[in-house]
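Written below as structure tokens is the structure these notes are about.
The values are calculated or read from the model by the stated rules, or taken from the named source; none is laboratory data. Computed from a predicted structure; not experimentally measured. A quick note on method: Cβ atoms are made from the backbone with ideal geometry, for glycine too, and the neighbour counts reach across all protein chains shown. The area values use the complete protein model at the heavy-atom level, side chains included, leaving out ligands, DNA and RNA. Shrake-Rupley method; radii C 1.70, N 1.55, O 1.52, S 1.80 Å.
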Amino acid sequence: MSNQTPIRVRFAPSPTGNLHIGGARTAIYNWAFAHANEGTFVLRIEDTDPLRSSAENTAQIIRSLRWLGLNWDEGPETGGELGPYLQTERFDTYDKALARLQERGNAYPCFCAPEELHNKREAALAAKQNPVYDRCCRDIDPDEAQQRIVAGEPHTWRLKIPLDRGAISFDDTVYGTVTVPLEQLDDFILVRSDGKPTYNFVVCVDDALMQISHVIRGDDHLSNTPKQILVYEALGYPTPQFAHLSMILGSDGKRLSKRHGATSVEAYQEAGYLPEALVNYLALLGWSLDGETTIIDADTLKTQFSLDRISKSPAVFDEKKLDWVNQSYLKELGSAGFVDAWLPYLEADGLATAAKVAEKRSWFEDIYPLVVERVHTLSEINPLVNYLFGETVSLDEKSVEKCLAGEGTGELLESITALLQDENLKWEHEALDTALRGLAEQRDIKPKIVFQALRVATSGNMVSPPLLESLELLGREVTLARLEAAKPFAG
Ligand code: GLU
């Protein structure tokens, strides 16, 4: 990469909702691209729509980005020389930019009433014509226009687009050359009659003044790009390189939305996905390292990311694959990391406090090998292991019917109790295994019958993590108490 133009990219969310999966992927690409090119990653909050934006959403977006580990070099909280980084703090900048366009003769006031514009639009549509503004105020004599402004006549400001240009063409890194005939473009509004600047105007002013070299964003903005190029040109600023990202689809082939379930980063956080796994999965949703790699850590991403490996075709969000990636990261955590990540879920469900975990650390770490192959997310752990907590356990009806209710099982539980009561029996899974198999042999029954009866009596369910390791964790006393409590249900 040439070192003449410093790489500066930005993620520019509108705080009209939570940070969602699509936005997070855009942020990841910008962040990774900045790192891979020793560039600067800027966060800019596009909060000029007062009805749809909120400070809570801004705070939430910031929280989610931080949780994902996508830290920015310039932006809210961090600061930077080219701020402020909230658009609502930049209105004076937009006033100056409009003045610059006026001086350059590239903006003009439009006095058309909204109703009049609406009627013209309807008429054009009815006549099957492109409903662009007819530019009727474009040639009003500047002195007359000035008088009307001074007299207080309501007006907007429009961009005077260069009509002698046949078309606008640009080279999008992902989409290739995009050409739009100029006749399809409007002398669009830059500043509304209430003085508020429009998105297509402010985004260019900010990108230009923040010296953004590459605009990497969702392809829902592809159609805005020709208009924005005209704004850069009218202001006399260089145009950044654009890279538009194809959308993310749900499994039904439709654009990923709330209909498909959780789409916000926060919802994935609560569901127990690890930030590293989500970043990994989203990075590879539309970008590939080599067409094969499925597990990629942040450091590799930060050195290897390149725009030329972004795919133009829409990517399908595959929850199962995300689960698989998340499980791979859970396995990587090891028992200590696993317990740390699990702790908030233990606390939230009232199973254990941080102090309890600290006190019985190795007991919690021993749970890790029992569950890591069986869960995909942190929130799946508690339902699987809550039988290990507390003195008693509630028995699942079906499991009782299948494994305890049969004739002779009461007697079997008595024998098991007698066996486990023996203080000479080491409370350790291998010793327990040998003893219980011996009992099965003695009674001439399959070991499975013994194990299943014991499993239901102690865990409440016929499907549970490995029995003997679980008994180790429960301890002799609790195991015997549970056997006692299960006896009335046995046949
Ligand atoms: N604020 C815009 C959005 O959230 C993004 C604008 C841009 O990236 O140019 O859709």
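Give me the angle, in degrees from 0 to 90, between the Cα long axis of helix 429-443 and the longest principal axis of the Cα atoms of the chain, rounded to the nearest 10.
Computed tilt is about 50 degrees.
Keeping every protein chain present and rolling a 1.4 Å probe, give me the accessible area per residue for region 218-331 in Å².
Working: 5060 Å² over 114 residues.
Ligands and nucleic acids excluded, the result is 44 Å² per residue.
Once the Cα atoms of helix 319-348 and of the chain are each reduced to a long axis, what angle between those two axes, in degrees from 0 to 90 to the nearest 10, is obtained?
With rounding to tens, the tilt is 70 degrees.
Any cysteines in the chain with zero other Cys Cβ atoms under 4.7 Å from their Cβ? List them, or say none.
Cys112, Cys136, Cys204, Cys403
List, in the order given, every pair from Lys331/Lys448; Lys227/Lys258; Lys402/Lys448; Lys196/Lys258 whose Cα-Cα distance in the structure shown is over 20 Å. Intermediate results must be reported in sequence, preceding the final value.
On the way: Lys331/Lys448 29 Å; Lys227/Lys258 30 Å; Lys402/Lys448 13 Å; Lys196/Lys258 31 Å.
Over 20 Å Cα-Cα: Lys331/Lys448; Lys227/Lys258; Lys196/Lys258.
What residue among Gly410, Phe33, Ile140 has its Cα farthest toward the positive end of the dipole of the chain, where the charges are +1 on Lys, Arg and -1 on Asp, Glu, each on the Cβ?
Ile140
Per residue, how much accessible area does region 384-486 show when a 1.4 Å probe rolls over the protein heavy atoms, in square angstrom? Provide the component values of the computation, followed by the final result.
On the way: 5390 Å² over 103 residues.
On a per-residue basis, region 384-486 sits at 52 Å².
Just to be sure I understand the curve: with the Debye formula and one point per C-alpha of the chain, what is log10 I(q)/I(0) at q = 0.09 Å⁻¹?
These q points yield log10 I(q)/I(0) values of -0.76.
Find how many whole Å separate the alpha carbon centroid of region 189-227 from the alpha carbon centroid of region 27-86.
Rounded to whole Å, the Cα centres lie 17 Å apart.
Subtracting the Cα-Cα distance from 0.36 nm times the residue separation, let me have the gained length for Thr78 to Asp220 in nm, one decimal.
So the chain would gain 48.3 nm between Thr78 and Asp220.
How much net charge surrounds Asp297 when only other residues with a Cβ under 12 Å from its Cβ are counted (Lys, Arg +1; Asp, Glu -1)?
The answer is -2.
In debye to the nearest 20, how big a dipole does the chain give about its Cα centre with +1 on each Lys and Arg Cβ and -1 on each Asp and Glu Cβ?
Here the size comes out at about 1000 debye.
If packing is taken as the average count of other Cβ atoms within 10 Å, what order do 62-68, 484-490, 204-210, 77-83 fall into, highest mean first?
Details: 62-68: 18.7, 484-490: 16.0, 204-210: 21.7, 77-83: 12.7.
My ranking of the peptides, most packed first, is 204-210, 62-68, 484-490, 77-83.
I'd like to compare 285-292, 31-38: which one has the highest average count of other Cβ atoms within 10 Å, and what's the full order after that?
By packing density, highest mean first, the sequence is 31-38, 285-292.
Subtract the Cα-Cα distance of Lys196 and Lys360 from 0.36 nm times their separation in residues, and report this length gain in nm to one decimal.
Numbers: separation 164, 0.36 × 164 = 59.04 nm, distance 5.98 nm.
Extra length available between Lys196 and Lys360 comes to 53.1 nm.
Treat region 442-491 as a sphere of radius equal to its Kirkwood radius over Cα pairs and apply Stokes-Einstein at 4 °C in a medium of 1.567 mPa s; give the translational diffusion coefficient in µm²/s, rounded to a whole number.
115
So, in Å, what gap is there between the alpha-carbon centers of region 260-336 and region 340-415?
A separation of 30 Å, based on Cα centres.
Roughly how many debye, to the nearest 20, is the charge dipole of region 360-418 about its Cα centre, given +1 on each Lys and Arg Cβ, -1 on each Asp and Glu Cβ, and no other charges?
Taking the Cα centre of region 360-418 as origin, the dipole is about 300 debye.
Quick check: the angle from helix 467-486's long axis to the longest principal axis of the chain, C-alpha only, nearest 10 degrees?
Between helix and principal axis, roughly 60 degrees.
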